[in-house]
Structure formats: structure tokens, C-alpha cells
1. Residues of the range 70-106 being of a type in the set (Phe, Trp, Tyr) and in contact with a helix residue (DSSP H, G or I) (Cβ under 6 Å, 6 or more places away or on another chain), which ones?
2. So Leu222 ticks every box in (1) under 22 Å from Val301 (Cα atoms); (2) of a type outside the set (Gly, Ala, Ser); (3) assigned to a helix (DSSP H, G or I) but one. Which box is left unticked?
3. For the range 1-99, please list each of the strands (runs of 3 or more DSSP E) lying entirely inside it that holds at least 3 residues being modelled with pLDDT under 95, more than 26 Å from Arg179 (Cβ to Cβ) and not charged (D, E, K, R).
4. So which of Thr245, Thr255, Thr188 is assigned to a strand (DSSP E or B) and either more than 22 Å from the chain's Cα centre (by Cα) or β-branched (Val, Ile, Thr) (or both)?
5. Surrounded by fewer than 23 Cβ atoms within 10 Å (Cβ to Cβ) and either closer than 18 Å to Val121 by Cα or of a type in the set (Asp, Glu) (or both): is that true of Asp331 in this structure?
6. Please count how many residues of the range 110-142 are within 20 Å of the chain's Cα centre (by Cα) and not in a helix (DSSP H, G or I).
7. Name the residue, out of Ala73, Ala62, that is among the hydrophobic types (A, V, I, L, M, F, W, C) and crowded, with 24+ Cβ neighbours inside 10 Å.
Amino acid sequence: MEPGPEADFVSRLFDVIVVGGGAAGACTAALMATGSRRVGLLDIRTPQRPDAEKDIDPRVAAISPGSRNILIAAGAWPLLDGKRIGSYDRMRVVSGRHSIDFRASDHGLSQLGWILEIPAVERALWDALEARGQVEFLTGHRLASMGSRAGELRLHLDDGSRVDTRLLVAADGGQSRVRREAGIETDTWHYNQSAIVAHLETEQPNQGLAWQRFTDSGPLALLPLPGGRSSLVWSVPAQMAAELTSGAEEQFLETVYAAAGESFGRITGTSRRMSFPLVRRQARSLTAPGLALVGDAARTVHPLAGQGLNLGLADAAALAEEFEPWRPGGDTAAPLQRYKRWRTSSGSLLAGGIHGINELFNSSLPGLKNLAGVGMTLSGFAWPVRDAFARRAAGMDGDSPRIARTPDPEATGDVEGKPGPGTGP
């Protein structure tokens, strides 16, 4: 049965309620729904099913091998349409005359990552939840307010109804209502940049290379899509983004080509151009009594490393791992404290590193830019540094959740590691 507004709440006490049905929230619900737990997923909307006849959605994300493992554990990866997934086994990062290259085979991986449509990931996760039948969809409702009651959290919904839960998970985005209701403050950094996104056609097809250059305007990435196209993600000053997305297509193509250079030849076409403002947020605490933050509710990061969705999926897996021995009615304080320590350390380190790299390469001091480029090149010759960076970016290092570190399914021939219909990557 398709989840919808008619969902019947029946008993009002849940063991876990996840607010926010995006990728991080739906994945959390899937991984937390074990044993006899009663799990609910609250969201005003139901993700739309992708239209196979339409072009690939501009909203794409780079999924690491560790995140792919998490999506497999959640039951979503086999439900994705392989014909709409781009994969890359090579990565090149360029700054001025300096560059560094990575290959999946050098690090025991079949791929370094995959480019997926975010709406398709969300829908696949909801389909996986529906197939398992262990999660109740509390759809068509918004959170109005919340409070505590006898050691539980009570959610007041916009239709006047109430639901209680022993554990609440906030996965409702960067402007999280749950986070505000809990009184958790955030630290915010406005970059005065916007990310331009579009799908580009080039003279030379992109055959599995994730390519990024630090330009004078900001980091520019070209990520492989099916059919040889590339997904553009270019972080530029906000005014420049407005001009490039609303101006003439020919001027847009020339400007991108001038910044990207000859890697794939001339740029011959583009899909619809979009842009969105870039803001870094960090919640001052990832937990409160009976509450955990995951995904963008916990933090938002600059897109230059493509780690936003990967961080959210890792949050989901880490929370599920810490609550693995938890039984309904048990104390939530200890697993929440462990989750807080783990993800505060791991997430802040990665988010802070991304922020620092962006500031360094966008410095107005030419000497700093050149020093950064030289450092990047030198690190390419230090194998331990290269391998540590690759394992971290792959989401499979020692600090990653256990299910993220499982062996590469494609390397072991595990059919569960293959995406759905079609001739997938």
C-alpha cells in the first residue's frame, strides 16, 4: 500500500520516531527498525517516484563506497535504476599547475563513488521501508510543537493529534524544527557563494572521471553521468551565480569552458541551470534527552568534497550501531552519549576540514593558493597520506560505522551490491 495521509496512528506510543523522510531520515528509520521496535517516520510529503522518461534530476549527490554499503543494508540500493547512475573509478583534483590523481584499484575498490539522483535515493528508501513493513508512515502531517511526558517525548502534530516516543530522531534538514523546539543552537557561516548545478554535454564523453578544479571563482567539479555527460557543481560568488543561471546559454557554456579548461573538450550543451546558496551550519549539540540529530539537522557542509549526503547516511548507521543492543523501554542516555561523542568528533573533523580547504583555496593571497597547490602535489607522492585520504573519502576508514566498512560487494560478486533494472554501472 502506498504510504499517504490516510496512515492510521492506532497506538500512540512509538519506540522511535524519525522526523524528516529525506535520505538520512528514511535510512535511519530502516536501520533502527529491528526486532520488536515500533518505528514511525513523520513527514508532510511522500517522495515522488522518478519518471524514467524524464532527464536525470539536477539534484545529484556523490555516494561513497561506504554509503553504498549503508544503502545496501537499508534495502535501497538494489531498487535504484542502474541506467540512471554514473560511476567513477578515477578522481583528479587540480589547482593551478598542480594536481593529484586517485584510482579505485589502488585502494582495493571497484569504484571511488557513484552519482545518484537524490530524489531517486529517497524514493528507493521509502520503497524498501514499505516492502519490509516494519515502519509506520506518519505522512501528511507536520510537527507543531513538542514536550516531555514521563520520560518520553510528546509530539503535537498540526492536525491536533499527539504521538509519544521513547527516542526522537531529527532528520528534518538544515532549518530543523525539531532542533529549534529542543533549544539546540547552531553556529552558522554564510559563504556568500552559490552552487551552480547543471548537466553538461562535452566534445569528449566523461568515461568515469570525477574531476575538480579550484578556480579563481571557486571549486568546480565535473562528475560522470550515464551517456558520457557530466554533472557540473561550481561554487561561485552569489551574484555571479545569479548572472550565469539567468543569462544566455552560450555565455554560460563559454564561461564554464574557460574555467574548466580542456579536460573534456568544448562544452556543447546544458540541461536546466539551477543554483542554491551555500551556508555552513553546525549544531552545538547532536543530542538532547531522548533526541538525536542526523544529516543536515546536525550540520551542513560546503559541497566541494561532495560529503553532505555521505555524512547523513553515516549518522544513520552510527546511531543504529550505538542502539543495536537497546530494547524498547531501555535507557537511551548511554547510547545517545556514545553517538554524540562519535559523530561530533567525526563530523566536525570532516566539516571543518572541508571548510578550511575552501577558505585556503579561495584566499585572496596568491602565495597561500600556491602553497596549497604545492602541498597537494607533494601529498600525492606520500602513499600513506594518499591511502588514508582515499579511505576517509570512501567512508570506509576505522572511524566509519561497521556496516560501511563491509567488503566491496562488486569485488566479491555479491548480487545485493548491484543496482536495479537495466545495464547499471
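The values are calculated or read from the model by the stated rules, or taken from the named source; none is laboratory data. Here the structure is a predicted model, which is why all the values come from computation and not from measurement. As a convention, Cβ positions derive from the backbone with ideal geometry for all residues, glycine included, and neighbour counts pool all protein chains shown.
1. Within the range 70-106, the first condition is being of a type in the set (Phe, Trp, Tyr), and the residues that meet it are 77, 88, 102.
Within the range 70-106, Trp77, Phe102 qualify.
2. Among (1) under 22 Å from Val301 (Cα atoms); (2) of a type outside the set (Gly, Ala, Ser); (3) assigned to a helix (DSSP H, G or I), Leu222 violates only (3).
3. Details: elements: 13-19, 39-43, 60-63, 86-88, 90-95.
Fully inside the range 1-99 and qualifying: 90-95.
4. Details: Thr245 fails: assigned to a strand (DSSP E or B); Thr255 fails: assigned to a strand (DSSP E or B).
Residue meeting the stated conditions: Thr188.
5. Numbers: surrounded by fewer than 23 Cβ atoms within 10 Å (Cβ to Cβ): yes; either closer than 18 Å to Val121 by Cα or of a type in the set (Asp, Glu) (or both): yes.
Spelling it out, Asp331 is indeed surrounded by fewer than 23 Cβ atoms within 10 Å (Cβ to Cβ) and either closer than 18 Å to Val121 by Cα or of a type in the set (Asp, Glu) (or both).
6. Taking the range 110-142 as the starting set, the residues that turn out to be within 20 Å of the chain's Cα centre (by Cα) are 111-129.
Going one step further and asking which of them are not in a helix (DSSP H, G or I), we end up with 111-117.
Total satisfying the criteria: 7.
7. On the way: Ala73 fails: crowded, with 24+ Cβ neighbours inside 10 Å.
Sole residue among the options that is among the hydrophobic types (A, V, I, L, M, F, W, C) and crowded, with 24+ Cβ neighbours inside 10 Å: Ala62.
Condition check ((1) modelled with pLDDT under 90; (2) surrounded by 21 or more Cβ atoms within 10 Å (Cβ to Cβ); (3) touching a Ser or Thr at 6+ places or on another chain (Cβ under 8 Å)) across all residues:
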site	(1), (2), (3)
Gly353	yes, no, no
Ser364	yes, no, no
Phe389	yes, no, yes
Ala394	yes, yes, yes
